[in-house]
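A short write-up of the structure that comes next.
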Amino acid sequence: MTEMLQFASTLFMTGLIWLVQRVQYPGFHHVDEASFPTFHEEHSRRISTVVGPAMLIELLAAIYLTYAGTTFPLWIQWICLALTLGTWLSTALLQVPAHRRLAQGKSDPWIDRLIRGNWVRTVLWTIKSLILISTHSG
């Protein structure tokens with residue numbers, strides 16, 4: 001059951017992060033300055049209700065499986081845990097500060113910084129998904 005929670009939450013976050021990376025964040029550039037604070041506040045509030053629970057489920061499942069064991073080799077689970085922690089670290093160190101700055105008003109350099117920094121999470125979730133898919137299909 002916990003393996004399935006990790007698998008589902010990771011695949012969900014991978015799909016979502018690609019949508020955010022390729023559609024949502026670049027779209028920030030096309031919101032006019034006057035509307036941007038309200039737009040950004042709504043985006044942040046709404047996306048948090050989707051991302052927060054999925055990231056928490058993924059983290060708790062990864063921690064549990066690392067210490068309780070899985071049906072696949074433990075070293076793979078340690079890699080999955082490290083990748084999960086990497087997404088959390090990137091969120092705290094790159095995305096949250098960029099969003100805090102954008103909450104003050106539209107800034108194209110900060111939008112670009114947000115997009116560049118988000119590649120870290122995009123790559124980490126994609127790698128983790130590929131590992132879990134190959135592990136579950138083998």
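The values are calculated or read from the model by the stated rules, or taken from the named source; none is laboratory data. None of these values were measured; they are calculated from a predicted model. Cβ coordinates were reconstructed from backbone atoms using ideal geometry, including for glycine residues, and neighbour counts include every protein chain displayed.
Residues in region 96-117 that are charged (D, E, K, R) and farther than 16 Å from E42 by Cα: 4 in all. Taking the residues in region 63-84 that are small (G, A, S) and modelled with pLDDT under 95 as candidates, determine which candidate is surrounded by the most Cβ atoms within 10 Å (Cβ to Cβ). Only one residue fits best here, namely G69.
May I ask you to verify whether R45 is basic (K, R), on the phi < 0 side of the Ramachandran plot and surrounded by fewer than 16 Cβ atoms within 10 Å (Cβ to Cβ)? Yes; evaluated as a whole, the condition is true for this residue. Restricting attention to region 48-62, the residues that are loosely packed, with under 15 Cβ neighbours inside 10 Å and not hydroxyl-bearing (S, T, Y) total 4.
Once region 99-138 is narrowed to residues that are assigned to a loop (DSSP other than H, G, I, E, B) and modelled with pLDDT of 95 or more, the residue that is nearest to E33 (Cα to Cα) is K106.
Beta carbons closer than 8 Å, at least 6 apart along the sequence or on distinct chains, never pair a first residue in region 44-61 that is in contact (Cβ under 8 Å) with a residue 12 or more places away in the chain with a second that is surrounded by 15 or more Cβ atoms within 10 Å (Cβ to Cβ) and not in a helix (DSSP H, G or I). Sort out which residues of region 100-116 are surrounded by fewer than 20 Cβ atoms within 10 Å (Cβ to Cβ) and either among the charged types (D, E, K, R) or under 17 Å from V23 (Cβ atoms) (or both), and write them in order of number. Once the filter is applied, which keeps residues that are surrounded by fewer than 20 Cβ atoms within 10 Å (Cβ to Cβ) and either among the charged types (D, E, K, R) or under 17 Å from V23 (Cβ atoms) (or both), region 100-116 yields R100, R101, K106, D108, D112, R113, I115, R116. One residue alone among E33, E41 is part of a helix (DSSP H, G or I), over 21 Å from L124 (Cβ atoms) and acidic (D, E), and that residue is E41. Among the residues of region 111-131, just one is over 16 Å from the mean Cα position of the chain (by Cα) and touching a residue at least 60 places away in the same chain (Cβ under 8 Å), namely I111.
Note on region 13-42: residues that are surrounded by 15 or more Cβ atoms within 10 Å (Cβ to Cβ), among the β-branched types (V, I, T) and either without any contact (Cβ under 8 Å) to a residue 60 or more places away in the chain or farther than 25 Å from G86 by Cα (or both) amount to 1. What about T87, is it surrounded by fewer than 18 Cβ atoms within 10 Å (Cβ to Cβ), in a helix (DSSP H, G or I) and touching a residue at least 40 places away in the same chain (Cβ under 8 Å)? Taking the combined requirement at face value, the residue does not satisfy it.
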